Every structure is written in C-alpha cells, then in structure tokens.
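The next block holds one structure in the form of structure tokens; read it before the comments.
No value in this document is a laboratory result; all are computed from the given coordinates. Quick caveat, the model's predicted, so the values are computed rather than measured. Cβ placement follows ideal geometry from the backbone for every residue including glycine, while neighbour counts extend to all protein chains displayed.
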Amino acid sequence: MKPMKIISDLSICTPASALAPGDAPKKGCWRVVDFETDEGLAGKMLYAAPEDDAPEITLPLNIVGPHAIYVGINYTRSAHGDLMHYTEFPLYGTLWAKLSSDPGFSRFATEAYWRHGAHLPSKIGSAWSSIHETYWKSADLTGQSIVVRPPAAPYDKIGVTNVTNLSYVKVVPLDPDELARQSPPSAPDTRRLAILFCTGMLTGHTSGTDPYHPTDAQWIRDELAPVLDNDFGIVSWEAIRGNLCTFRTSIGDFGTEDGQWNPDWIDPLAEATRVAHEHGLKIFVSARMIGASLPVVRRPIQWAKNYWSRRDLAKRDPEGIPGSNLSIAYPEVRQFWVSLMREALDLHGCDGAQLHLNRGFPFVLYEEPSASAFRKRFGADMRDVAPDDPRMLEHQASIVTQLLREFRAMLDEKPGRALAVTLIAGEYGSMNPVDPLTTGCDVEAWVRERLVDYLMPTPAVDLDAIRTWKSLGGDRVRIYPDLMPRTQPGEMYARLARRYYDAGADGFCIWDGERRCPRASEWAVVRRLGHRDALDDLEREAPDYFRRIPLKTLNGMSVKYSFNDG
C-alpha cells in the first residue's frame, strides 16, 4: 500500500493571485505563512483574517483512489471569541471546506479538547500554539480537489476577530473494503439519525440577534451537507419559532417592519425540503411555542405579534399577572399553533411535524380556563396546590395531550404524515434522568392513544423508560434519544449509542446539530451511528480521529517563546 501523503505547502492553491506573503497582507488574498511543528513537519499554511476579504480557493490533490482525509488547522487566539456564546472560539466554525464533488461545504471548529483530554491528556494544550489534526471523512479522491473559504454570512459576523486557517491536508490510502467500512453506503435500515436543526441563524436568536434571509439556495445545501448521504434519515427543520417563521407565511411573521417578503430571498423551508427529498431524507417541520421576552432587547423574534395582539390569552401566575407565553389551555392558542403548522406542511409537502416541548414549559399555569378545569376535576383551587403535586402534574399534562390530539387530527387530514415530540427526560448539567410528567409530558398516554410516531427525549433518558415506552408502543413508536452532552469524544458517542440501542432505542436525535457538526472528529462518529454493527470499530478508532501537534515555529518565530497576552 502507498504511504500517506501530507500536503503542507499550500502555496500551490489556485488562483495564485489570491495568495500573498504573510508579512505583506493584501486585500482579497490569503496570507501564506511558513511553519514547522515539533514533529518536524514544515510547510506553508494559509490564514485569512476577516479584514482580508479572502476568496474561495482550490487545493489541487492529484491523488487517485480511496483515501482517509485529515485536516490540520491552527486556531489562533482571539480578542473576544464567540461573542454570542461566550466561548474562546466560534462554535460554528472558522474554516469551510469541501471536496469538489460535495453538495456543500463542511464547517470546521476547534475540537472540544478539554473533553478529549480527560481520556488522553496529550490532547490538552493551547489551541493557538498547536495544530489540531482531525479526521474529516473517507472518499475516492480520483479527479478531486479541495475547495476552501472563510465563513459565509451570517457566520462571518460571529466571533468576527477569529481567523480562518488551513495548515495542511493529510491523506491515507485505503483499500476498497476499508473505504466501505469508513464510509458505508446509506440504506433504509441504517438511516436511524435525526438532526434537530435550530434555525436561530435565520430568525435571530432569542438573546437578541437579527434575522438572516439567504438569497442563494446553495446556503441551504451548505447547511445540510453534513447530514446528506450518511446515516441521517430525518431533518427536523425549525420553521416555526414563535410567530417568526422560516418560510413565506401568511399567518406568522418573517421579521420585516412592513410585513413584506423580499423577492430576492429564497424560502428556506422550501429549499430544505427540496434538498432533503433529493437525498432521500424525511423533513419534519418543527416548532417552538415562543412568546414575548422581557423588553430589554427588541429584535424581530421578540416582536411576538401573536402574543401582544392577544395578551389576554397569556399564562398567569398565582396572582393573575401574565407571563411571556400564551397558554395552550385556551382553544384559540392551540388552534393558532395547529394552523401555523398546517400552513407550513401544506406549502411544501413536508413529511411530518415536530413539537419541541423541551422548551417553554410549563405550558399551562393559573389562567382561567386552566383553573376552571382543575377545580372541576379535583374540587380544589390550583393556587392552594403545590406545583409538584401529582394532581397539578396530571392536570397540566392532560392539556398538553389535548394539544397533541389536535395536531394528530390535523396531520391525519393527509395520511402518512408523522408527529414527533422533543421532550425533557433528564437534567441539564447533571444529565440525571427525570420523569417527563414534571414538564407536562404524559408519554405513556401519548403512546396508548397512538398520538405520536417519534419520541425524542433529551438531554438524557432513563433506560427503563425506553423499555417501558417500547413495550407499550412496539414498532408503532420510534424512540430516538438525544446523545448528550453536545461535546464529547467520538468513542463516548459510540458507547452511549450502544447503551441506548441495548435498551430498545430505534435511533438517535442530535439537538442543535448545526453546532455539533463543525467538530469534525466527533461528527465522523455521529454520522455513522445508524450502523449498529460498526459501534465496536468506531469506539476503537475514534481516539485517533483527533490529535494536537505543537508548533515549533510560525512565520519564522519561535512559538514557545513568543507571547501575545501582554
């Protein structure tokens, strides 16, 4: 077998006019910088600072046959890191790369080396003074090249002081059997994964960012590229975030002052549906029942016209003071969410609906229709009952179940459409399992009534709960637990998947998957977890998918004896 090849002289990228010396940066160019590692690898890496406006460039490979591809990246220090998420580096990635035949770009972000280091201490160390080498994927490279670019909008505005880098590319020859194992073909019985895609980039996050309206359908292909042609079978696209929608709605809002749709925009839900169906994936329209927020920050997602136009339908605290969300105890509120979902499904022919009941709970409080129903059922005043009283939990859950009945009836207007529910079944932070009934989710009632097709518990779930739900629902209900925490080494993903499979899980959901896929070494495992028979191989190989290589020199300077913290 041919030895591995490391392409460390990236000054061969084309066009040559897009490259400039690192000590003489030029607008519209990448910076070419000499480097050497402690291992003795030397070459010329590429940087692109935000102010460089560096273009898309191509790295010719001139390689024949199947290979495993590794990417080396130097994550430079940053003044502010990710301004939204308060991390040292952007979660969404600093480098975009794709093979010339790929449908879209992959995003690369720094690996969660502190978690990897808990198992392999050699992976711990400052990212800025080293190169992170991560396994990307395996493919036949005959006739291929690698295209790279800095982040596109709106990612270019997150962590704006961060710098794009490509240090080198390493390729390791594979025989056909190895390629088939590392990049197995997708099949119906292995498409066991669902990505729960948060569209906060489009609608703006509830923390107070502005919406982004893409004008090029390629933006959607880039977003979905990490889940195409592997073990993902479902894209849960968050098209409804409160009143703000990622489609051309006539019921909700899409974030403009005048309520007008710009003809230059693409319809993100329409394009996501098209891409998913082209690649054999189902697409579910998912919804968060978001209301208003405290009035300190005002962005389109917080305009919440559905709330402010009918504040009389808000949840109420024990003193009768309105909360920031509408109450599903009111039939009008349930009908609003159902009608918004019906509109989204009918517009583009999506395959199902998903309710994210892991956010915004409790969905019912002390407002009049809720209080009246409680008094009629239990002969008591809700305000005299503790929040964790079994009667209170049963009452709140019964109204959530009624909401699901109405969603189920709407979906059944066109046979074959599925209903999925995301629900809390564990504590964030501790990851200890909890009873979903504490957040208004009577899962056993849903299963008995055949209301749901997919249960997606997060962040953790008791193994006995999986067994119970499976015994009640059989093959009618598919159980896709989330694989948390969001950052974990690939070998831990494989171990967790095995535990859930053994308890009866049918597959897995990945909450906030758009933030997880840029960690290439972890994603290389995640995207193959539908191949249950591959878990042993994945657990054995994953520790080698990421390593840290200290830099000796950079741009002619000693890295060990250089400082930029003064």
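Full extension of the chain segment joining Gln260 with Asp317 gains 16.9 nm, where the gain is 0.36 nm per residue of separation less the Cα-Cα distance.
Spatial offset of segment 321-383 relative to segment 144-222 amounts to 35 Å, using the alpha carbon center of each.
Looking only at Cα atoms, what is the convex hull volume of segment 451-566 per residue, in Å³? Could the numbers behind the result be given before it?
Values: hull volume 16.6 nm³, N = 116.
Dividing the Cα hull volume of segment 451-566 by its residue count gives 143 Å³.
For the chain, the share of alpha carbon pairs falling in successive 10 Å distance bins from zero is 3, 17, 26, 25, 17, 8, 3, 1, 0 percent.
Residue order for Val147, Val297, Val443, fewest other beta carbons within 10 angstrom first, comes to Val297, Val147, Val443.
Relative to one another, the C-alpha centroids of segment 28-56 and segment 395-438 are positioned 49 Å apart. Taking only Cα atoms, what is the 0 to 90° angle, nearest 10, from helix 268-278's long axis to the longest principal axis of the chain? The angle comes out at about 70 degrees. Just to confirm the number: angle between the C-alpha axis of helix 490-503 and the first principal axis of the chain, 0 to 90 degrees, nearest 10? Between the helix axis and the principal axis of the chain, the angle is about 30 degrees.
Per the Debye formula on identical point scatterers at the alpha carbon atoms of segment 1-71, with no solvent, log10 I(q)/I(0) at q = 0.25 Å⁻¹ is -1.15.
Express in nm, to one decimal, how much length is gained between Gln335 and Leu472 on full extension, taking 0.36 nm for each residue of separation and deducting their alpha carbon distance. Let's see the in-between values first.
Details: separation 137, 0.36 × 137 = 49.32 nm, distance 2.92 nm.
Result for the pair: 46.4 nm of gain on full extension.
Amide H to amide H, with H built 1.01 Å from N, Trp511 comes under 5 Å of Leu196, Leu483, counting only residues 5 or more places away or on other chains.
What order, most packed first, do the peptides 333-340, 91-98, 53-60 have when packing is the mean number of other Cβ atoms within 10 Å of each residue? All intermediate terms of the calculation are to be shown ahead of the outcome.
Numbers: 333-340: 18.9, 91-98: 23.0, 53-60: 16.8.
In descending order of packing, they fall as 91-98, 333-340, 53-60.
For the pair Glu449 and Lys376, the difference between a 0.36 nm per residue extended length and the Cα-Cα distance amounts to 23.9 nm. Of the two radii for segment 526-565, the radius of gyration is 1.36 times the Kirkwood radius, both from the alpha carbons; that is the Rg over Rh value.
When you work out D = kT/(6 pi eta Rh) for segment 364-473 at 10 °C and 1.306 mPa s, using the Kirkwood radius from C-alpha pairs as Rh and the Stokes-Einstein form, the result is 105 µm²/s. Straight-line reach from Lys170: taking Cα to Cα under 25 Å and skipping same-chain neighbours fewer than 8 places apart, the lysines in range are Lys2, Lys5, Lys44, Lys98, Lys123, Lys137, Lys552, Lys560. Axis angle, to the nearest 10 degrees, between helix 390-411 and the longest C-alpha principal axis of the chain: 70 degrees. The Cα-based radius of gyration of segment 435-500, divided by its Kirkwood radius, gives an Rg/Rh of 1.00.
In terms of other Cβ atoms within 10 Å, Arg448, Arg498 run from fewest to most in the order Arg448, Arg498. Calculated over segment 123-229, the projected area of the Cα convex hull averaged across directions stands at 10.5 nm². In plain terms, if you count all Cα to Cα distances in segment 191-334 and split them into 10 Å steps from zero, the share in each step is 11, 37, 31, 17, 4, 0 percent.
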